[in-house]
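Values quoted throughout were computed directly from the atomic coordinates according to the rules given, and no laboratory measurement underlies them. Source: prediction; values computed, not measured. Positions of Cβ are backbone-derived with ideal geometry, glycine not excepted, and every protein chain shown enters the neighbour counts.
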Amino acid sequence: MNPTNRLNLISQFFSLTDAHMLSVYEKLGGYEMAKKAIREMKPDAVEAEVRKSKLRGLGGAGFASGVKWSFVPRDSGKPIYLTVNADEGEPGTFKDRYVMERAPHLLLEGILICAYAMGIHKVYIYVRGEYLGPIQRLREAIDEAVAKNYLGEKILGTNFNLEVVVHQGAGAYICGEETALLESLEGKKGFPRLKPPFPAVVGLYGCPTLIHNVETLSYLPFILQEGGDWFAGLGTETSGGMRLYSVSGHVERPGVYERSMGITLRQLIEDAGGVWRGRKLKAVVPGGLSAAVLTADEIDVTMDFDSLRKIGSMGGSGGVMVMDEKTCMVRALYTTMRFFGHESCGQCSPCREGTGWVARILKRILDGEGRVEDIDRLIDIGQFMGGTTICALADGAQMPLLSYLKKFRSEFDYYVKHGCSLVESEPAGVSN
Amino acid sequence: MPTVTINGQTIEVEKGTTIIQVAEKLGTFIPRYCYHPGLSIAGNCRMCLVEVEKFPKLQIACHVQCSDGMVVHTESERVKKTREHVLEFLLVNHPLDCPVCDQAGECGLQDYYMEHGRYDSRLDEQKVKKSKKAEPIGQTVMLDTERCILCSRCVRFSDEITKTSEFGIFNRGDHSEIGLYPGKELNNPYSGNVVDICPVGALTDRDFRFKCRVWYLKKTNSICTGCSRGCNITMETNTDRPHHGHGERVMRLKPRYQPAINKWWMCDHGRYNYKWIDHGRMTEPVKGSSEHRQTATWQELMRDVSNQIRQSCTDSPESVAVLLSPQQSNESLYLAKKLFVEELKLQHIYLFSPNADGDQDDLLIRSDKHPNRQGAAILGFQEDGENIENLIRRIREHKIKCLYVFGQDLVSRLPHAPITEILKQIPSIIFHGSNSNLTSEMAHFVLPSATYAESFGSFTNFEGKVQFFSQALPALGEARSDLEILIKLANQLGITWPAWDAGDVARDMQAEYQAFKNVIEAANDKEVFSS
């Protein structure tokens, strides 16, 4: 385990001036690992390092990257695509934006390494529609990289070709779900696909497709530089390395913090300056809005995927949202559920109808019209809304719904009984 | 081959078979909305969730393929509870306007609520308001998005079957709505099918709307007569409450599943080709030329007609002509052949189509708009323009004394001018048909016959497939079936035929002509909401 839990790998570029420019990136040793991979390493050797690194998918699912690569058939006779998920729609998450804005070449180098190892020649970066700045930076970076033959044809004098295309999304949360993303890329409505088949086998345009989050790929140059074992050692037994935590909400210094997978939530909140205004901590969402909420008593958990799963939440996208003692949990849950209702793609009936229904019940409670039976009704609806749908959006709505109701039930009971909030909060940092 | 166990029953299945298919084989019906065996799998309604051992989550039976050793439970408490909740979700924003909904009585929501729901309403919230109440989206179909459960069957039908892609799902979440793409109208030749496959009252048939409550309908297996495909249909009739359809008896035609011919579908031309069964009918025997027409009894008419034929035959068998029609059933053609060819030994017996050729496509529609040209061919009758030219010439030369017509309208079908003047040269036109037309008005004898809806019989489709249709209705007024008329006529002419009923005729016909044994049996269709 990394004793300090701190190490600036990706984040070293965040504070440097003009690190987004190729000349600066090169001065810092940029593209050396891509060169090493392409010129000196066999694709298998690259893959072996990735497997050793215990790198997990950092978009939210936490799937082991090495295993994911092994699912992609190399001999299907079809091209293999790499699709970079830069949709970053999970509320409370903003780390990929930093990477694309401040270290776009790092992402491109990671892409290059991955593409080389997997025999990929075409890459699509699907970027969240609102990310105009990052899109601009990425496009400039790609132009620079093509000009210096890091991308394009016969890269660095080898026979390896790679084209990278930036695709701007249109703002739907669901398009961050990997199969909805593929549909969207293909020009269709962003509806998640039925699985199986999985995208590794039948993905973009029916071809084997590897889908990786921005951050996941951006760690590849470091893994090649220092070795997979080194990276694995930075994290926990099952989750290798560092990750970028987006810390927001009621902390003194919100921002992106690169920390070990093994850091405790408590330490992370302290690193972000602790709870603001000297207030007490009430609750934390540890892994993006879809994660189950944790109480102040649960923050000694380490932030790796498996530890968070063990206590009924998830590492997710690493979006840590801190709520102080004045937060009204009823309002916070309403805001959460309204989001999921708004973003449900509308395919599966439990999610389409359930998320909106739950939001409307919560709204009624907030309006002082709640009834005692509403709480159990919400729990009942929640139990059948998740686990019954094509994609994980409803599961992501179910987790906060059930955890808020379970862990902060007294606040809901109070609101229903008195028609007003127990905490009389000022706006909770999450708007109505 | 994988072996699966469903509710304790074990069965070996083909690789790739889904749970819902296997269950059906075992007689276990798993409720579904979006699943339709003729369309791709959407998996969105979640009604068919079942428990599969070793899977932590419930699985949709329409999508999950059976693997060896799989153990499935479709009626466990967990499954039942989930079904109830899924149904509740589907009804959260449904208007529950059953009393004014045309789908009531054949609605998937009503049916499943009674079978799988039965919960008390827990909805205190306002429902999501959809943009428009019922609006026409084409010539045949009305859309009410409020009732829609977004199963996407209509979308997939228009994408996959007609490949016309009129439908799409617009907006997101519980604001999602089925609609047509801008500038599109639903006017493809198969548009009516979306009404059949719509499990709820979102898509209703403009022709059928509010004519009759479906529980008054009697359903009879029949065969479409709109072209030579021979699509299997259900004829839905209402005779108990004549005030419900302004006295019309046939309320609608629906496609009936037939894997060998039309699968689940039928075209709009065939679907709406039924008004003539109740309109423009001739219900009384009539005799006399146009100026001196009078109704007669069958007895009188038969006597006169047979005298006419006998006399003409005595003069010269060459002076009698018969025009058979590819609209006639195999049985009707068979008896006509027996009478006119074998007994009376007439020379001029021709097949003549009452309808012009029309469109044809790769799905169902055939350009030949008659149900039984192939049956006529088996009996040796082919249509030939030269024969008709000869006939016209002979009429002009006053060589035809008696013309027996099977329902065709020669006046509108023959291009020869002045056709009415030509026909007037025939001393005796015998019109044997169900509906009046310009030719029947010129006829000296009208033998009102039953339509196919009022008879039993068979057609042979263009591929040589023989299919039987059942009698859905009693013959209107004094009309009689073709067989009855032909047997009566034969008897009157002194020919002794056994007391055949329709079944006897069919049997004899099959004994005589091997080709009529190529019978396609009606399929047993368990698929709900498709027909």
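Sorted ascending by nearby beta carbons within 10 Å, beginning with the fewest, B:W264, A:W69, B:W298 become B:W298, A:W69, B:W264.
Here region A:255-301 and region A:121-169 have alpha carbon centers that stand 35 Å from each other. Partners of B:K132 within straight-line reach, counting aspartates and glutamates whose Cα lies under 13 Å from its Cα and excluding those fewer than 8 residues away in the same chain: B:D144, B:E146, B:E177. Need one number: the % of Cα-Cα pairs in region B:78-218 sitting beyond the 19 Å mark. Of the Cα pairs, 52 percent sit more than 19 Å apart.
By the count of other C-beta atoms within 10 Å, a proxy for reagent exposure, A:R139, B:R153, A:R39, B:R229 are ordered fewest to most as A:R39, A:R139, B:R229, B:R153. Largest first, the three principal axis extents of the alpha carbons in region A:11-234 are 44, 38, 36 Å in whole numbers.
Positive end of the charge dipole of chain A (Lys, Arg +1 and Asp, Glu -1 on Cβ, about the Cα centre): tell me which of A:T355, A:A64, A:S23 has its Cα farthest that way. Of the options given, the answer is A:T355.
Positive-end ranking of B:S67, B:F381, B:W298 along the dipole of the protein assembly as shown, with charges on Cβ about the Cα centre, is headed by B:S67.
Translational diffusion of region A:149-305 was estimated from the Stokes-Einstein equation, with Rh taken as the Kirkwood radius over Cα pairs; at 37 °C and 0.692 mPa s the coefficient is 174 µm²/s.
Chain A gives an Rg/Rh value of 0.99, both radii derived from C-alpha positions and Rh following Kirkwood. Comparing Cα centroids, region B:347-373 and region B:252-295 end up 15 angstrom apart.
Based on every Cα atom in chain B, Rg and the maximum pairwise Cα distance Dmax equal 27.5, 89 Å.
Here region A:11-234 is treated with +1 on each Lys and Arg Cβ and -1 on each Asp and Glu Cβ, and its dipole about the Cα centre works out to around 400 debye. Output the 0 to 90 degree angle, nearest 10, between the alpha-carbon long axis of helix B:298-315 and the longest principal axis computed from the alpha carbons of chain B. Long axis of B:298-315 versus the principal axis of chain B: about 50 degrees. Based on Cα contacts under 8 Å between residues 6+ apart, chain B shows a relative contact order of 12 percent. With a cut-off of 19 Å on the backbone N, the residues of region B:415-446 near the modelled label site 7 Å out from B:R393 along Cα-Cβ are B:415-419, B:422-423, B:425-426. Given R0 = 60 Å, the distance between the Cβ atoms of A:E252 and A:E40 translates into a calculated FRET efficiency of 0.85.
Model label sites at A:S76 and B:Y216, defined 7 Å from Cα along the beta-carbon direction, differ in position by 5.7 nm.
Going by neighbour counts of Cβ atoms within 10 Å, the residues B:T10, A:T335, B:T17 line up, fewest first, as B:T10, B:T17, A:T335.
Mean projected area of the convex hull spanned by the Cα atoms of region A:242-324, taken over all viewing directions: 4.2 nm². Helix B:385-396 against the longest principal axis of chain B: what's the angle in degrees, Cα atoms only, rounded to the nearest 10? In chain B, helix B:385-396 runs at an angle near 40 degrees to the longest axis.
With only the Cα atoms considered, region B:3-90 has a convex hull volume of 89 Å³ per residue.
Here the Gaussian network model covers chain A, with springs between Cα atoms less than 10 Å apart; of A:L268, A:L422, A:L224, A:L422 fluctuates the most. Against the longest principal axis of chain A, how steep is helix A:409-418, in degrees 0 to 90 to the nearest 10, with axes from Cα atoms? So the helix axis and the longest Cα principal axis differ by about 40 degrees. Between region A:337-366 and region A:71-118, the C-alpha centres lie 31 angstrom from each other.
By the Kirkwood approach, averaging reciprocal distances over each pair of separate Cα atoms, the protein assembly as shown gets a hydrodynamic radius of 33.0 Å.
The base-10 log of I(q)/I(0) for region B:286-526, evaluated at q = 0.07 Å⁻¹, reads -0.22 [Debye formula, identical scatterers on Cα atoms, solvent excluded]. Each Lys and Arg contributes +1 and each Asp and Glu -1, all at the Cβ; summed about the Cα centre of chain B, the dipole is approximately 420 debye. Counting only lysines at least 8 places from B:K25 when in the same chain, those with an alpha carbon closer than 27 Å to its own are A:K195, B:K15, B:K54, B:K57, B:K80, B:K81, B:K219, B:K254, B:K263, B:K465, B:K526. Between the residues B:S228, B:H175, B:L339, the greatest Cα displacement towards the positive end of the dipole of the protein assembly as shown, with unit charges on the Cβ of Lys, Arg, Asp and Glu, is found for B:H175. Would any residue of region B:253-297 have its amide N under 19 Å from a label point 7 Å out along Cα→Cβ of B:T164? List them or say none. Under cut-off, by backbone N: B:253-256, B:262-274.
Look at the alpha carbon pairs under 8 Å that are at least 6 residues apart: their mean separation over the length of region A:329-418 gives a relative contact order of 36 percent.
Distant-in-sequence amide contacts of A:F94, defined by a placed amide H-H separation under 5 Å and a gap of 5 or more residues or a different chain, comprise A:S246. Note on B:Q139 and B:W276: the model spin-label points, each 7 Å out from Cα along the C-beta direction, lie 1.6 nm apart.
Basic side chains Lys and Arg get +1 at the Cβ, acidic Asp and Glu get -1 at the Cβ, and with that the dipole of the protein assembly as shown about its Cα centre reaches some 500 debye. Entry note, chain A: relative contact order of 17 percent, from Cα contacts under 8 Å with a spacing of 6+ residues.
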